[in-house]
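Following this message is one structure expressed as structure tokens.
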Amino acid sequence: MLVSAGVDAALFGVLGLLVGSFLNVVIYRLPRMLDAEWADNCAQLSGAIPPEREPFNLARPRSRCQTCQHVIRWYENIPVLSYLALRGRCSSCKTPIGARYPLVELATGVVFAMLASMYGLSLTGLVWAALACMLVAQFFIDFDTQLLPDDINYLILWLGLIASAMGWTTVALPSAVWGAVFGYLSLWTVYQVHHRLTGKQGMGHGDFKLLAGLGAWFGADYLVAIILLSSVVGSVIGGGLLLVGRLAHRDIAIPFGPFLAGAGLLAMLVGPARLEGLIPFAFPFTHLVR
């Protein structure tokens, strides 16, 4: 049994490395695809003809160095190994390659391996792995651009509700539905209060949708724990940014999405039993879902 579990974890971990390589493409390209789409929509509304562009999506064009436009060959795109073999530099112009690329691949591989050790090679493990992929993408997209694409947020929400309805997770459907409702309303309420008191927007609407999605996956009972975990993740990220000098002064806006996405990943790997210990008091709406 232990050998079988180890093989499952290894196989799923390798799959995670490959998926992590694709997530790097999503993180870089999806915001640019949305920018182009918004520009075309604005042009159409103004009566102008949108400019013709070369195909740019998650499949085309092939990945290339942003400095010298060297097309990356298949053997230069093997997760983690190619980065090490190239010593973190483009094979053509020797421009440094960001360390984030292998880190995303490695992190996704580790998460996949841990999920396999928890659920085996099962449908439950696969749907949690799908959530992990979407959270990793939202983490870095929001960190880079302060955007949380609805394309991913709605997929998180609907897949969470479907997984609950189909019995792929242990969250009962009423709890998933109320988790989505309360997740959205909790941050929406904070936003409205902050906006009326200060006249400023304290967070984006994508944050409401992301927490609604997490509520659908974990249920209403665990929303308090998710929010508490997000504060822990925020403290770690904020401390790290201070150490590397990214927070030179307090007026720099820090997106909240990475905190929520990180909390979702932690909650997934911690598991419901340990997650309950993080709730210092009963969730006030628990009676509605039991």
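The values are calculated or read from the model by the stated rules, or taken from the named source; none is laboratory data. Bear in mind the structure is a predicted one, so any value in this text is a computation, not a measurement. All Cβ positions, glycine included, derive from the backbone under ideal geometry; neighbour counts span all protein chains shown.
Does region 189-208 hold any residues that are among the hydrophobic types (A, V, I, L, M, F, W, C) and surrounded by fewer than 16 Cβ atoms within 10 Å (Cβ to Cβ), and which are they? Don't jump to the end; show me each part of the working.
Keep residues of region 189-208 that are among the hydrophobic types (A, V, I, L, M, F, W, C), which gives 190, 193, 197, 203, 208.
If the condition is that a residue be among the hydrophobic types (A, V, I, L, M, F, W, C) and surrounded by fewer than 16 Cβ atoms within 10 Å (Cβ to Cβ), then Val190, Val193, Leu197 are the ones that fit.
Which ones in region 108-124 are in contact (Cβ under 8 Å) with a residue 60 or more places away in the chain, within 20 Å of the chain's Cα centre (by Cα) and either closer than 23 Å to Ser164 by Cα or crowded, with 19+ Cβ neighbours inside 10 Å (or both)? Steps first, please.
Let us first name the residues in region 108-124 that are in contact (Cβ under 8 Å) with a residue 60 or more places away in the chain, namely 108-118, 120-121.
Applying the additional criterion that residues be within 20 Å of the chain's Cα centre (by Cα) yields 108-116.
Matches in region 108-124: Thr108, Gly109, Val111, Phe112, Ala113, Met114, Leu115, Ala116.
Give Tyr101, Tyr119, Tyr28 a once-over and let me know the one that is farther than 21 Å from Thr145 by Cβ and hydroxyl-bearing (Ser, Thr, Tyr). Can you show your working first?
Values: Tyr101 fails: farther than 21 Å from Thr145 by Cβ; Tyr28 fails: farther than 21 Å from Thr145 by Cβ.
Within the list Tyr101, Tyr119, Tyr28, the selection yields Tyr119.
Which of the residues spanning region 137-174 are within 21 Å of Phe256 (Cα to Cα), aliphatic (A, V, I, L, M) and crowded, with 20+ Cβ neighbours inside 10 Å?
Scanning region 137-174 gives Ala137, Ile141, Leu148, Ile152, Ile156, Leu157.
Could you tell me how many of the residues in region 143-172 are hydrophobic (A, V, I, L, M, F, W, C) and either at pLDDT below 95 or outside any helix (DSSP H, G or I) (or both)?
Our first condition is that a residue be hydrophobic (A, V, I, L, M, F, W, C); within region 143-172, this holds for 143, 147-148, 152, 155-159, 161-163, 165-166, 168, 171-172.
Checking which are either at pLDDT below 95 or outside any helix (DSSP H, G or I) (or both) leaves us with 143, 147-148, 168, 171-172.
Of the residues in region 143-172, 6 are hydrophobic (A, V, I, L, M, F, W, C) and either at pLDDT below 95 or outside any helix (DSSP H, G or I) (or both).
Residue by residue, here is whether (1) in contact with an Asp or Glu (Cβ under 6 Å, 6 or more places away or on another chain); (2) part of a helix (DSSP H, G or I) holds:
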{"site": "Leu11", "(1), (2)": "no, yes"}
{"site": "Gly16", "(1), (2)": "no, yes"}
{"site": "Val26", "(1), (2)": "no, yes"}
{"site": "Arg32", "(1), (2)": "no, yes"}
{"site": "Ala39", "(1), (2)": "no, yes"}
{"site": "Pro50", "(1), (2)": "yes, no"}
{"site": "Glu54", "(1), (2)": "no, no"}
{"site": "Arg62", "(1), (2)": "no, no"}
{"site": "Thr67", "(1), (2)": "no, no"}
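Another question, if that's okay. Given the structure, is Arg64 more than 30 Å from Tyr119 (Cβ to Cβ) and surrounded by 15 or more Cβ atoms within 10 Å (Cβ to Cβ)?
Details: more than 30 Å from Tyr119 (Cβ to Cβ): yes; surrounded by 15 or more Cβ atoms within 10 Å (Cβ to Cβ): no.
The answer is no for Arg64.
Residue by residue, here is whether (1) closer than 30 Å to Ile78 by Cβ; (2) assigned by TED's automatic domain parsing to the domain that holds Leu84 holds:
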| residue | (1), (2) |
| --- | --- |
| Val110 | yes, yes |
| Trp128 | yes, no |
| Phe140 | yes, no |
| Gln146 | no, no |
| Ile152 | yes, no |
| Ile156 | yes, no |
| Thr170 | no, no |
| Ser175 | no, no |
| Phe182 | no, no |
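So in region 11-37, with the set limited to residues that are charged (D, E, K, R) and without any contact (Cβ under 8 Å) to a residue 12 or more places away in the chain, which one is nearest to Val111 (Cα to Cα)?
Within region 11-37, the subset charged (D, E, K, R) is 29, 32, 35, 37.
Now narrow it down to the ones that are without any contact (Cβ under 8 Å) to a residue 12 or more places away in the chain: 35, 37.
Working: Asp35: 30, Glu37: 32 Å.
The residue in question is Asp35.
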